Amino acid sequence: MANLTVVNVDDEYPALQLVRQYCSRIEGVELLESFQDPKKALEFLKENKVDLVIFDINMPGINGVELLQQLPEKPLCIFLTLESKYAVKAFELDVVHYLVKPVDFDTFKKAVYKAKDFLQFKNSAPQQEDYIMFKSNYVMNKVFLKDILWIQGFGEYITLITPLKKYMILERMSNFEEKFQSFGFIRIHKSYIVLSSHIKSYDVGHVYLNGGEQLPLGRTYKKLVKEYLG
């Protein structure tokens, strides 16, 4: 079974052929469909779940940005395009990578591996023992959720802080918050999530942990922290 299922959408046939060739050279990647017509791609993606879609942007009828915005359930996405001017918009849409044509195989492969890392973390759910498995610095790690003191966000990366070690992971704060909120993780700042059991006290602008650490408390999160901790 493939680790990553892919759909490619590009109105230029040579570009579709190149992506097909590149995907065939990456282990664990299955290119399910290739579409020159973005409207047909949209119909397919509304009916079929895939892990990753590689979009061109400038296409007739509907461009790649509009196509992605119309999907009810958004897969991981890589934009592969001739223009760099849509990079900011791509970031706003949580696109995994933005590649500018022409792209060589090694650059393409790194972008696909980045998507695979995203998917791996996304699919890692707390087990009965309440731990998560993830790749960091090319090594698979096992960390118990109760040992995570706090999480700090850096764009599309987060850093897990434990008493003994820090781990940088390719993941977004919002995804971690949604997945593990029920375990007791709460957002205290736009860049910080804390495990509530480690919180000792808080005041107007800070949260203090049992180990003496001091973290910023954002104004928009004060009410949430007060309601959660009492």
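Bear in mind that the values in this text are calculations on the coordinates, not laboratory data. Owing to the predicted nature of the structure, the values given are computational and were not obtained by experimental measurement. Reconstructed Cβ throughout: ideal geometry from the backbone, glycine too, with neighbour counts over all protein chains shown.
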- Message: Within the stretch 4-122, count lysine pairs with alpha carbon atoms under 20 angstrom apart where the residues are 8 or more positions apart or belong to different chains.
- Response: 22
- Query: Out of residues 5 or more away from SER136 or on other chains, whose amide H comes under 5 Å of its own, with H placed 1.01 Å from N in the peptide plane?
  - Reply: ASN141
- Task: Identify all lysines with a Cα-Cα distance to LYS165 below 19 Å; exclude those on the same chain that are fewer than 8 residues away in sequence.
- Result: LYS135, LYS142, LYS146
- Anchor LYS223: aspartates and glutamates whose Cα lies under 16 Å away (excluding residues fewer than 8 positions away in-chain): ASP203
- Note on the structure: Cβ density ranking, 10 Å radius, fewest first, applied to PHE144, PHE118 yields PHE144, PHE118
- Query: Going toward the positive end of the dipole of the stretch 4-122, with +1 on Lys and Arg Cβ and -1 on Asp and Glu Cβ, which of ASN58, ALA111, LEU42 do you reach last?
  - Reply: ALA111
- So how do TYR113, TYR13 line up by other beta-carbon neighbours within 10 Å, fewest first? TYR13, TYR113
- Message: Report the Rg/Rh value for the chain, based on alpha-carbon coordinates and the Kirkwood definition of Rh.
- Response: 1.04
- Quick shape summary for the stretch 180-230, equivalent ellipsoid via Cα gyration tensor, semi-axes whole Å in descending order, reads 14, 13, 10
- If R0 = 25 Å, then GLN214 and VAL100, at their Cβ-Cβ distance, give a FRET efficiency to the nearest 0.05 of 0.05
- What percent antiparallel are the DSSP beta bridges of the chain, to the nearest 5? 60 percent
- Convert each backbone phi in the stretch 64-78 into a coupling constant with the Karplus relation 6.51 cos²θ - 1.76 cosθ + 1.60 (shift: θ = phi - 60°), then list the ³J(HN,Hα) values in order as whole Hz, x for Gly and Pro. x, 5, 4, 4, 4, 5, 8, 6, x, 10, 7, x, 5, 9, 10
- Task: Hey, can you grab everything whose amide H is under 5 Å from the amide H of LEU149? Only 5+ residues off in sequence or another chain; H modelled, so Pro and N-termini drop out.
- Result: ILE161, THR162
- Report ³J(HN,Hα) in whole Hz for each residue of the stretch 179-190, in order, from the Karplus equation J = 6.51 cos²θ - 1.76 cosθ + 1.60 where θ = phi - 60°; Gly and Pro get x. 6, 10, 4, 5, 7, x, 7, 10, 7, 10, 6, 4
- Relative to the compact-globule estimate 2.2 N^0.38 Å (N residues), the Cα gyration radius of the stretch 131-229 stands at a ratio of 1.03
- Task: Show the residues, 5+ positions off or on another chain, whose built amide H is closer than 5 Å to the amide H of PHE185.
- Result: SER196
- HN-Hα couplings for the stretch 97-109 via Karplus (6.51, -1.76, 1.60; θ = phi - 60°), in whole Hz with x for Gly/Pro, come out as 7, 10, 10, 9, 5, x, 10, 7, 4, 4, 5, 4, 4
- For the charge dipole of the chain, defined by +1 on Lys and Arg C-beta atoms and -1 on Asp and Glu C-beta atoms about the Cα centroid, which residue among LEU229, SER24, PRO14 has the Cα displaced farthest towards the positive pole? LEU229
- Likely footprinting exposure, VAL50, VAL19, VAL7, fewest C-beta neighbours within 10 Å first: VAL50, VAL7, VAL19
